[in-house]
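Have a look at the structure below before the remarks.
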Amino acid sequence: MLRTLIKLSPVATRIWLTIAMFLVLLLAFGMYVYTEKQVDRANGLRYASFVLADQLRQSSDDLTRMARTYVATGDSRYRKYYQDILEIRDGNKPQPDGYLQIYWDLVLADKLASPTDRGQSIALLELMRQAEFPEEEMRKLAEAKMNSDALTAIEFAAMKLVEARGQEAPANRAKAIAMMHDAGYHQAKAAIMQPINAVYALMDQRTVASVHSAERIAIVFRMVFILCFLAAMGMLWRVYAGVCKTLGGGADEVHAQMLRLGRGDFSSSIAVEPEMENSVLAGLAEMQDKLHAHEIKQKQAEAELRVAAAAFESQEGMVITDANSKILRINRAFTEITGYTPEEIVGQTPRLLKSSRHSADFYREMWETLSRTGVWQGEIWDRRKSGEEYPKWLTISAVKDSSGAITHYVGAHYDITQRKMAEEKIQTLAFFDQLTNLPNRTLLQDRLKQAMAASSRSGSYGALLFIDLDNFKTLNDTLGHDMGDLLLKQVAQRLKLCVREGDTVARLGGDEFVVVLAGLSTDERDAANGIETVAEKILAALNQSYQLGDAAHHGSASIGVTLFRGDLASVDDLMKQADLAMYKSKEAGRNTLRFFDPDMESAVKMRAALEDDLRRALEEKQFLLYYQAQVVGEGRLTGVEALVRWQHPRRGMVPPADFISLAEETGLILPLGHWVLETSCSQLVAWARRPETANLTIAVNVSAHQFRQPDFVDQVLAVLDQTGANPQRLKLELTESLLVHDVEEIIEKMFALKAKGVGFSLDDFGTGYSSLSYLKRLPLDQLKIDQSFVRDVLSDPNDAAIAKTVVALGQSLGLNVIAEGVETETQRDFLAGAGCHAYQGYFFSRPLPIDSFEQFAQSLICNRV
């Protein structure tokens, strides 16, 4: 066996040794289990010995209880129980169920009511001999049994006295009881217990020694088992390490690599650790390298074959001729391009394909280049079998043998018909509008530059007309974009009919068109008259009815015109000038034309500069709030209107009329209005801390654009929450123009804010679009009579009637009425007589900065006091 192990490999040797160690481990485990059972057996024997010895003591105690009870009670059952215990102990009667308990307890539990004779009758001393009690212990037990029998003689004598009848029965009972409790009885009882206690000591010594001996043996085999287990684990680990070294890695890794190589996947390399060169994994790595190299060579060979086949059967038409240009072979693409099959073309020469578009010099130069360089390529027109001429890109290569002589020609034909068509399409897309086929912005700029150059040479004037259709967006929104496109096409056709053949009509995009008129008069006035004639013709043409499907549409246009002579102005400048003039024609009511005036450009530049300054003012916080007093009666101050002012660093104080409309147009009114609201609410908080100003309200103007913001209500409530202002001291002034659109949405927002305590005043009442039906539904608190009515209320009966009507209307609707622009005492008196007792105007106070206003308010309070 040892020689066999020596011949085996190290790994196999370790495996056999590990198997042997596991057999030893199994044997050690069996011995360990056996010794543990011996410990259990020794403990069981100890317990059984004590139980048997205790039965002798227990039977003596039970006999005493039964005898004393019988003597005391005279109940014959206890005499019977007494006899049963003796017979059970002496082996004359089988033990009852549960006899290991105290017999007295069985009696009390009435478990002996139905005596049984089941089981074997064995004397107690015989049971002890069968339990292999030693001789010394048996002598002690026999002594205890003999002493117990002596005690029973006393107990029998006592019970016999009780059984006597007659006059002496009570005395006999008393004597019997005395016999059961006197000193002699107790000495007899002690004579029983002394040998039993000696037996207990001997049994304890004997069984404890047996248990300890078994435990020591069990500990030895337990340690042997543990050592064998550890040795087996160590040998198992050595086997695992040896297997891993042989494999060169984990079994899973080797298995995965083998599966990968089996699938032909050589993409990832196999990493071999140092000192693993002779492992299975190293062998796999070497095999992979060889297989991969073989695969590469095989793929290269296949690729070369595929390239050669694909090159010939490519999308390009291929033709091979001999040195005399006789066609030997063509591919499928050649047939698809020319229409000639191999049967029809093989044996012919390429001259069969020649078109009529090239001269003999072209072909001679081609062959000279081919002979000189071995290659010719270029664009050429050929003829298909059908007779159609088509463009293609031809490459001819000469094939030479080892001596340099030409043996074949290979021609590659690429049909470029689609490319030519695409180039023409790109040309069209680059310079023409796809909807109207008019020149687009790019071509327009080129034509305009040509017109400017021609004007410079001739000294004549030219003109640029910028045409914008009126209300085109409305048409798109109502009839749809398809109808809008149809209208644009018809407009393009009408414009072309209104100008000369040499003039340019272009579309910039959307509904914007441009007309360039060149070669006008050298006199500016005559040129302007000619332009006006053409423009009027265009307006008239575009003002005619259009038939858009089943619907008739009437439209118009606005035209802006700028003249040019030479190239003094750039193309962009001319476009901007015509655009500005077009907007002026829009402002003039549409369906008209306007010539560019330099003042227009100046105004636009000023407006642009003002817009830039306005944006900067918001960033740099250049705005201020002025406060104009609102009073009742003779001048009691009730609130103010917050009026925004712009403190420009260079322009000085800019009046609202110069920038509010611009802020509306540019959308800057939104951040500006938010700042005014926030500042006003902060001022309300400051005034609330002072008793003299705590009851003042602030009226804040809100623009229609600002109010129509979807989150306007949330914005106002957020400002109130952030500043802590009392919403009942805030009043928002709305203009009648707000009520033109989306009245239901306006009412909903007003009620939402009204529910939080915010008040509303309708500003400039009587100048706008108020409907009484809407007015009744608005949660207003106040109507404000516009200052245009107050100004001439004493001199213009119409203004006086309007003012009185507003007051009466407000009273009928339960609204307060305030008049703005009150500048004289007589105006105030008139309004008071009409029933209006709230005023705002210069008669009381101009708009004042915060410090001046607070001084004014303090003076009013002092004067009233």
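Taking the stretch 390-418 and a reference point 7 angstrom along Cα→Cβ of HIS358, the backbone N atoms nearer than 14 Å belong to 390-397, 411-416. Once the convex hull of all Cα atoms in the chain is built, its volume per residue stands at 630 Å³.
Rolling a 1.4 angstrom probe over the protein heavy atoms, how many square angstrom per residue are accessible across the chain?
On the way: 47060 Å² over 865 residues.
That works out to 54 Å² for each residue.
Counted over the chain, the DSSP beta bridges are approximately 70% antiparallel.
Suppose R0 equals 45 Å; then what is the FRET efficiency for ASP40 and ASP182 from their Cβ-Cβ distance, rounded to the nearest 0.05?
Taking R0 as 45 Å, the efficiency between ASP40 and ASP182 is 0.40.
If you add up the charges near THR407, with Lys and Arg at +1 and Asp and Glu at -1, over every other residue whose beta carbon is less than 12 angstrom from its beta carbon, what do you get? Net local charge, THR407 excluded: -1.
What separates the Cα centres of the stretch 204-218 and the stretch 637-662 is a distance of 113 Å. Listed by chain and number, the lysines placed with their C-alpha closer than 23 angstrom to that of LYS175 are LYS80, LYS160, LYS189; residues fewer than eight positions away on the same chain are left out. Using a probe radius of 1.4 angstrom, the carbon and sulfur fraction of the accessible surface of the stretch 164-211 is 60%.
Tell me the carbon and sulfur percent of the accessible area for the stretch 393-482, rounded to whole percent, probe radius 1.4 Å.
Numbers: 2670 of 5000 Å².
Carbon-and-sulfur percentage of accessible area, whole number: 53.
Our helix-only sum for the chain, with -39,500 (n - 2.57) per DSSP H run of n ≥ 4 divided by its residues, gives a mean residue ellipticity at 222 nm of -19500 deg cm²/dmol. You can think of it this way: the chain between HIS648 and ALA688 has 11.3 nm of extra reach, that is 0.36 nm per residue less the Cα-Cα gap. With a Förster radius of 22 Å, plug the Cβ-Cβ distance of LYS385 and THR417 into 1/(1 + (r/R0)^6) and report the FRET value to the nearest 0.05. The value I calculate is 0.90. Between ALA201 and ARG329, the contour length at 0.36 nm per residue exceeds the Cα-Cα span by 33.7 nm.
Across the stretch 358-457, Cα pairs under 8 Å and at least six residues apart give a relative contact order of 15 percent.
Apply 1/(1 + (r/R0)^6) to the Cβ-Cβ distance of ALA171 and VAL208, taking R0 = 51 Å, and write down the FRET efficiency to the nearest 0.05. Numbers along the way, then the final one.
Working: r = 53 Å, r/R0 = 1.04.
Efficiency, rounded to the nearest 0.05: 0.45.
Per the 1.4 Å probe, what fraction of the accessible area of the stretch 679-718, in percent, lies on carbon and sulfur atoms? Each step should come with its number before you reach the end.
Values: 890 of 1680 Å².
So the carbon and sulfur contribution to the accessible surface is 53 percent.
The mean sequence distance of close C-alpha pairs (under 8 Å, at least 6 residues apart), as a share of the length of the chain, puts its relative contact order at 6 percent. For the listed peptides 371-381, 428-438, a ranking on the average number of other beta carbons within 10 Å per residue, highest first, reads 428-438, 371-381.
Please work out how many pairs of lysine residues in the stretch 707-829 are eight or more positions apart (or on different chains) and have Cα atoms closer than 14 angstrom. Before the final figure, lay out each step's value.
On the way: LYS731/LYS754; LYS731/LYS756; LYS731/LYS784; LYS784/LYS804.
Lysine pairs satisfying the spacing and distance rule in the stretch 707-829 number 4.
Helix check for the chain. Which DSSP H runs span at least 27 Å along their own axis by Cα, with a mean Kyte-Doolittle hydropathy no less than 0.5? Walk me through the intermediate numbers first.
On the way: long enough: 10-73 (91 Å, 0.30); 135-163 (41 Å, -0.22); 183-247 (93 Å, 0.79); 280-312 (47 Å, -0.06); 598-620 (33 Å, -0.77); 669-688 (28 Å, 0.90).
Membrane-span-like by this criterion, though nothing is claimed about a membrane: 183-247, 669-688.
Packing-based ranking of 412-424, 565-577 yields 565-577, 412-424, ordered from highest to lowest mean Cβ neighbour count within 10 Å. Taken over the stretch 389-455, lysine pairs spaced eight or more positions apart, or on distinct chains, with alpha carbons under 27 Å apart number 4.
Counting alpha carbon pairs within less than 8 Å and at least 6 residues apart, what relative contact order, in whole percent, applies to the stretch 792-865?
Details: 57 pairs, mean separation 18.5, N = 74.
Across the stretch 792-865, relative contact order equals 25 percent.
The values are calculated or read from the model by the stated rules, or taken from the named source; none is laboratory data. Note that the structure is predicted; figures quoted are calculated from it, not measured. FYI the Cβ positions are ideal-geometry reconstructions off the backbone, even for glycines, and counts take in every protein chain you see. Protein only, heavy atoms only, side chains kept; ligands, DNA and RNA dropped before computing areas. Shrake-Rupley method; radii C 1.70, N 1.55, O 1.52, S 1.80 Å.
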